Amino acid sequence: MKTIAVIPAHNEAETIQKVVAEVKKYVHEIIVVDDGSTDSTRDTALGAGAAVVSHALNRGVGAALRTGYRAALNRDPDVVIQIDGDFQHDPSYIPRLLEAVEKSDIVIGSRFLNPSHKNYNLTRRSGIKFFSWVANTLGSLSVTDVTSGFRCYRASALRQLTPLTDQHWALEQTLEAARKGMTIKEISVEMPVRGEGRSQFDLETYALYPFKMVDCIIKILIFR
Amino acid sequence: MVSLIHVGGFLLGCYFLLRSYLLVKNKKEEVQDFLVWGTVGASLLVLSAVPQVGDLLAEYLSIRTRTNTIFALSIFLLYLLMFRMHTLNRDLYRQISVLNEELSLLRHRLENQ
């Protein structure tokens, strides 16, 4: 079973080498999508032995994943793993994701199936719970962590999904998968709050979070 | 009696007409841009040169004064322009994303050859 890992990364020079080195143990190929980094993410990832696709401009996680999926699917894999470049996702869970994807189309690593979600602040926890509730209500699902970026796809399922938007891709993608009748499974994955590097969740992100939630819900309810 | 505001409106009208004409002539703008800004310029010229037109328009549109009529029409026009700029901006943003993606994959392919 040919497995390719896609790692979106923006200014992750501090952690990308460690992530690539760990992920390499479980997959056949690694594609790092350098989303317009201004540090040495690209060179570090290349040095660690990953294939690197570089965006000239930073366009967000969704855009990086869209490019990564395309690059991965061009290599004709059976399974595509998606994992963050900041080492928040422990690569040692990959074998469990691969095992679970044998019986489903998409597997999501959930931090809400273990106590690790308690380390996140209230805003973020509430946001994730709210989005998961929306996904469960609209898509007749029973997921606990719809925003998780630690995922595993069967390539055949990934080919059927429409390209992601530049940002806030997770809910839309999960709902589309549910509407297309794909089976979505979750496994418990511990995700500690990010310790190294610079988090994408700064004060501005938190301030805009409620508006983004409303924006996303309107988009799903009215336009999808 | 000609007031300063009439002179200002007249000059601004002339500027819009001339500038939008020259921009289209030098192939820096589209004809539709000339139509929009030319109409704005011509309206300003007419309203400044013949203020009575404003009174007629105010009566026709059931707005109390000439000044309010001009403000109301300007606001409608600005809304239209804003909407157009916004959609254009979004479209360009999307196109940049697509180009960004295509370029990165092309570069990757070239590096692998």
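Here are a few things to note about the model shown:
- Where A meets B: accessible area buried, both sides, 1.4 Å probe, Å²: 1300 Å²
- Ranked by solvent-accessible area (1.4 Å probe, protein heavy atoms only, all chains present), the residues A:Thr205, A:Thr162 order from largest to smallest as A:Thr162, A:Thr205.
- Rolling a 1.4 Å probe over the protein chains gives A:His168 an accessible area of about 80 Å².
- Simple spin-label estimate for A:Thr38 and A:Thr137 gives 4.0 nm between the two label positions (7 Å along the Cα-to-Cβ direction from each Cα).
- Accessible area per residue (1.4 Å probe, heavy atoms of protein chains only) ranks A:Met182, A:Met1 as A:Met1, A:Met182, with the largest value leading.
- A:Lys2 paired with A:Lys212, simple spin-label distance in nm, labels 7 Å along Cα-to-beta-carbon: 3.5 nm
- Calculated FRET value between B:Gln113 and A:Leu122, using beta carbons and R₀ = 56 Å, to 0.05: 0.65
- Rounded accessible area per residue of region A:3-223, 1.4 Å, Å²: 44 Å²
- Fraction of accessible area attributable to carbon and sulfur, the protein assembly as shown (%, probe 1.4 Å): 60 percent
- Per residue value of the accessible surface for region B:6-113 (all protein chains in place, 1.4 Å probe), Å²: 77 Å²
- Added length on full extension, which subtracts the Cα-Cα distance from 0.36 nm per residue, B:Asn68 to B:His6: 20.8 nm
- FRET efficiency estimate (nearest 0.05) - Cβ-Cβ, A:Arg75 to B:Leu35, R0 51 angstrom: 0.50
- What the Cα atoms of region A:74-119 give is an Rg and a Dmax of 12.3, 39 Å.
- Label-reachable residues, region A:101-140, where backbone N falls under 15 Å from a point 7 Å from A:Arg179's Cα toward its Cβ: A:135-140
- Globularity ratio of chain A, using Cα Rg and 2.2 N^0.38 Å: 0.94
- Proximal lysines to A:Lys185, defined as alpha-carbon separation beneath 27 angstrom and excluding residues fewer than eight positions away on the same chain: A:Lys2, A:Lys24, A:Lys25, A:Lys103, A:Lys118, A:Lys129, A:Lys212, A:Lys219
- Those GluC sites (Glu not before Pro) in region A:70-172 that DSSP places in a loop and that have at most 16 other beta carbons within 10 Å: A:Glu102
- Among the GluC sites (Glu not before Pro) in region B:26-113, those placed in a DSSP loop whose Cβ has at most 13 other Cβ atoms within 10 Å are B:Glu30.
The values are calculated or read from the model by the stated rules, or taken from the named source; none is laboratory data. Keep in mind it's a predicted model, so treat the numbers as computed, not measured. As a convention, Cβ positions derive from the backbone with ideal geometry for all residues, glycine included, and neighbour counts pool all protein chains shown. For accessibility, only protein heavy atoms count, side chains too; no ligands or nucleic acids. Shrake-Rupley method; radii C 1.70, N 1.55, O 1.52, S 1.80 Å.
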